[in-house]
Amino acid sequence: MTNVNTLLRATALLALGAGLAACSTPALLSSDAKSGCATLVAGFDKGVIGLPTSGATIDSATLIAASPLAVAERGPTPASLVTPAVPEYCKVLGRILPVDPAAPAILFQVNLPTKWNGRSVQYGGGGFNGTLISGLALVPAARFDLPAPLAQGYATVGTDSGHQTKPGNPPQAFALNDEALVNFAHASYKKVRDVSVELMRRAYGAAPAKLYFVGSSEGGREGLTMAQRYPKDFDGIFSRVPVINWTALQFAGTRNGLASMGDAWIRPPLVKLVGDAVLAACDSADGAVDGLVSNPVGCRQRFDVTRLRCSGAPSDACLTDAQIKAVQALHSPYRFDFALANGVREYPGYGVSGEATPAMGPTGGWGAWWSGSAAPVIPPVQANGIAWFYGSGAIRYFYARDPAFDVRQTNPNDLRQRVEAVSALMDSTDPDLSAFRFRGGKLIILENMADYAQSPFAGIRYVDSVVERMGAGQVAEFLRLYTAPGVDHVGSGAPGNVDMLSALADWVERGKPPAGLQLVAQETKPPFAVTRSRPLCEWPRWPQYKGGDLNRAESFECAR
């Protein structure tokens, strides 16, 4: 990281010097940073923004004092427990006004450190968004013991994607407004990017020398959307567990929920039963019995769920025929009779491993994302799996556009015109990244192989399509795909932390491709001791044990 930060400081001085020639007193370079910050409340002409809006306003611009690291006892994800230290910075809150008066505004937050490194990091959102992303957190998959981007000198940016979820309202309800849906699909991230660049010009007298986008899940989709739709806007993008085949995911999630209703529901003891059976079949296949399945692709051939079929009365020690069919549905592709955007016709089945992953809540793996703590019902309740809650809601509000639609009658053929329209908006599956490559952009994708919020094989298939379209030689110049065995959607279950921002900046600014990266598991209290590590292997390689301490990455090698 030292080499990267040295480079950032040096190039930032060059950028600032160029900017000072055009602006003698940038707001945050004046002798009084507090007063300078306050001057940033001036509004924006809509010509600053590259897509149609009614302009932008600044609600507040406040100088915030430095604050130390803080750690919480409980939270929804491991990373959410850590509130990173921040330096002195100017916190700018504002909104981009819609063209349609009935559409919500796009809220944004831009954090401008008084000691700037000449760079920016824009954060993606999560789920259906609707909550303002502050840009103050760790980046996806980041090590807990390293400073967040703002503390490294980056200006940071976040948005709510153009709608605000209200208590008691389904998070998908905003999609009934066309402009709000377009903003969520792609436009808000571009609009906020343009406003943030103008704020940096006002604050520092220069635009950022390099712009980065980082996101996980929905935010990962947003990152790939930027590379595909706005290839000139970001120099480096890190996309973790991206929900890129978005439309097919919603139908697959709904199918998987319907398949596990009633007597087919996989109760928590049965989740453990399946998880234990998967480990019994696959744990030792990498040469080490360590509670992790390092080669989940090979495990798909080894594990046979029908071996758990009940021979007598149903119990917590076996699966009924209905439950076996539910598991087989989860593992099976969801196929369409017509092509979605970019010719995609199916959503791949989910993988094997991590079914009983413990997470920050009662369970991870299936318990968090698929089976939940209660059988799926209509309408969904909080105890249901998240994929059912998300997918069934998307069917009602994005595709049927009818809050009362009976999702048990879901058939994409009946909704084909709307499915095709939403797919064209939401699906980040365009394999032609030639414009992003041509302008020198770099892209890193990380798939967690024990992910049941979305199938990691969707991202893997996407990269395959990019290689097929552009050729392996060109793709190797700008794209890397890594996989993390045993890691859940939010980073639970196995070593899943890595300093990807530094690796990305090294590649963008020094031409040094990522190499020798390691995943670590850490305690969630300072000093965030590393408890286990693994090599981070580039797909299709996986970490195979070669001898030594099971908790050290050096004891493994990336094998095919």
Qualifying residue in the range 504-517 (condition: within 28 Å of ASP283 (Cβ to Cβ), modelled with pLDDT of 95 or more and either within 21 Å of the chain's Cα centre (by Cα) or not aromatic (Phe, Trp, Tyr) (or both)): yes
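Matching residues to (1) open to solvent by less than 20 Å² (accessible area, probe 1.4 Å); (2) on the phi < 0 side of the Ramachandran plot:
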{"position": "PRO113", "(1), (2)": "yes, yes"}
{"position": "GLY124", "(1), (2)": "yes, yes"}
{"position": "SER161", "(1), (2)": "yes, no"}
{"position": "PRO170", "(1), (2)": "no, yes"}
Filtered residue count, the range 206-241, keeping only those that are of a type in the set (Gly, Ala, Ser) and in contact with a helix residue (DSSP H, G or I) (Cβ under 6 Å, 6 or more places away or on another chain): 7
Counted residues, the range 542-557 - those being touching a strand residue (DSSP E or B) at 6+ places or on another chain (Cβ under 6 Å), open to solvent by less than 50 Å² (accessible area, probe 1.4 Å) and in a loop (DSSP other than H, G, I, E, B): 0
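Look through the range 26-67, keep the residues that are of a type in the set (S, T, N, Q) and either touching a residue at least 12 places away in the same chain (Cβ under 8 Å) or part of a strand (DSSP E or B) (or both), and return whichever of them is least open to solvent (accessible area, probe 1.4 Å).
Of all residues in the range 26-67, those of a type in the set (S, T, N, Q) come to 30-31, 35, 39, 53-54, 57, 60, 62, 67.
After this cut, where a residue has to be either touching a residue at least 12 places away in the same chain (Cβ under 8 Å) or part of a strand (DSSP E or B) (or both) as well, the list is 39, 53-54, 57, 60, 62, 67.
On the way: THR39: 86, THR53: 12, SER54: 62, THR57: 52, SER60: 36, THR62: 66, SER67: 50 Å².
Filtering first and then ranking leaves THR53.
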Selected residue [in a loop (DSSP other than H, G, I, E, B) and in contact (Cβ under 8 Å) with a residue 12 or more places away in the chain] from GLY367, GLY372: GLY372
Number of positions in the range 246-301 that are of a type in the set (Gly, Ala, Ser), in contact (Cβ under 8 Å) with a residue 12 or more places away in the chain and under 24 Å from GLY372 (Cα atoms): 11
Members of the range 285-312 that are open to solvent by less than 80 Å² (accessible area, probe 1.4 Å) and in a loop (DSSP other than H, G, I, E, B): GLY287, ALA288, ASP290, GLY291, LEU292, VAL293, SER294, ASN295, PHE303, ASP304, CYS310, GLY312
Test for ALA207: is it closer than 30 Å to LYS34 by Cβ and crowded, with 24+ Cβ neighbours inside 10 Å: no
Identity of the residue in the range 518-541, touching a Phe, Trp or Tyr at 6+ places or on another chain (Cβ under 9 Å) and closer than 14 Å to ASP286 by Cβ, that ends up surrounded by the fewest Cβ atoms within 10 Å (Cβ to Cβ): PRO535
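Determine which member of the set ALA70, ALA141, ALA137, ALA103 is surrounded by 23 or more Cβ atoms within 10 Å (Cβ to Cβ) and either over 19 Å from ALA203 (Cα atoms) or out of contact with any His (no Cβ under 8 Å at 6 or more places or on another chain) (or both). Outline the logic, then answer.
Details: ALA70 fails: surrounded by 23 or more Cβ atoms within 10 Å (Cβ to Cβ); ALA137 fails: surrounded by 23 or more Cβ atoms within 10 Å (Cβ to Cβ); ALA103 fails: surrounded by 23 or more Cβ atoms within 10 Å (Cβ to Cβ).
Only one candidate passes the filter, namely ALA141.
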Subset of the range 146-201 [polar (S, T, N, Q) and assigned to a strand (DSSP E or B)]: THR156, THR159
Which listed residue is over 28 Å from the mean Cα position of the chain (by Cα) and of a type in the set (A, V, I, L, M, F, W, C), from LEU279, LEU330, LEU308, LEU292: LEU308
Some residue of the range 442-449 being more than 15 Å from VAL490 (Cβ to Cβ), surrounded by fewer than 24 Cβ atoms within 10 Å (Cβ to Cβ) and of a type in the set (D, E, K, R): no
Meets criteria (under 28 Å from THR247 (Cβ atoms) and open to solvent by 40 Å² or more (accessible area, probe 1.4 Å)) for GLU468: yes
Selected residue (only one of PRO101, PRO84 is modelled with pLDDT of 95 or more and more than 23 Å from the chain's Cα centre (by Cα)): PRO101
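With respect to ALA252, determine if the residue is open to solvent by 10 Å² or more (accessible area, probe 1.4 Å) and either hydrophobic (A, V, I, L, M, F, W, C) or within 30 Å of PRO314 (Cα to Cα) (or both). Please lay out each step first, then the result.
Values: open to solvent by 10 Å² or more (accessible area, probe 1.4 Å): no; either hydrophobic (A, V, I, L, M, F, W, C) or within 30 Å of PRO314 (Cα to Cα) (or both): yes.
No; evaluated as a whole, the condition is false for this residue.
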Pairs where the first residue, in the range 505-527, is touching a residue at least 12 places away in the same chain (Cβ under 8 Å) and the second is open to solvent by 80 Å² or more (accessible area, probe 1.4 Å), C-beta under 7 Å, 6+ apart: ASP506/LYS512
Tally of residues being assigned to a helix (DSSP H, G or I) and either touching a helix residue (DSSP H, G or I) at 6+ places or on another chain (Cβ under 7 Å) or open to solvent by less than 30 Å² (accessible area, probe 1.4 Å) (or both) across the range 313-324: 3
Total residues in the range 73-100, condition under 21 Å from LEU28 (Cβ atoms) and open to solvent by less than 60 Å² (accessible area, probe 1.4 Å): 9
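Within the range 255-284, track down each residue that is in a loop (DSSP other than H, G, I, E, B), under 18 Å from ARG309 (Cβ atoms) and open to solvent by 10 Å² or more (accessible area, probe 1.4 Å).
Initial filter on the range 255-284 (in a loop (DSSP other than H, G, I, E, B)): 260-261, 265-267.
Checking which are under 18 Å from ARG309 (Cβ atoms) leaves us with 260, 265-267.
TRP265, ARG267 - these are the residues of the range 255-284 that are in a loop (DSSP other than H, G, I, E, B), under 18 Å from ARG309 (Cβ atoms) and open to solvent by 10 Å² or more (accessible area, probe 1.4 Å).
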Selected residue (only one of GLY385, GLY365 is under 24 Å from the mean Cα position of the chain (by Cα), surrounded by 18 or more Cβ atoms within 10 Å (Cβ to Cβ) and more than 25 Å from LEU340 (Cβ to Cβ)): GLY365
Pairs with Cβ under 7 Å, 6+ apart, first in the range 463-490 and over 23 Å from GLY125 (Cβ atoms), second of a type in the set (S, T, N, Q) and crowded, with 24+ Cβ neighbours inside 10 Å: PRO485/SER294; GLY486/SER353
So ARG418, is it part of a helix (DSSP H, G or I) and either surrounded by fewer than 18 Cβ atoms within 10 Å (Cβ to Cβ) or touching a residue at least 40 places away in the same chain (Cβ under 8 Å) (or both): yes
Residue that is out of contact with any Gly (no Cβ under 6 Å at 6 or more places or on another chain), within 26 Å of PRO231 (Cβ to Cβ) and in a strand (DSSP E or B), where the choices are GLN122, GLN109: GLN122
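The values are calculated or read from the model by the stated rules, or taken from the named source; none is laboratory data. All of these numbers come straight from a predicted model, not from anything done at the bench. Note that each Cβ is placed from the backbone with ideal geometry, even for glycine, and that neighbours are counted across all protein chains shown. The accessibility values were calculated without ligands, DNA or RNA, using every heavy atom of the protein model including side chains. Shrake-Rupley method; radii C 1.70, N 1.55, O 1.52, S 1.80 Å.
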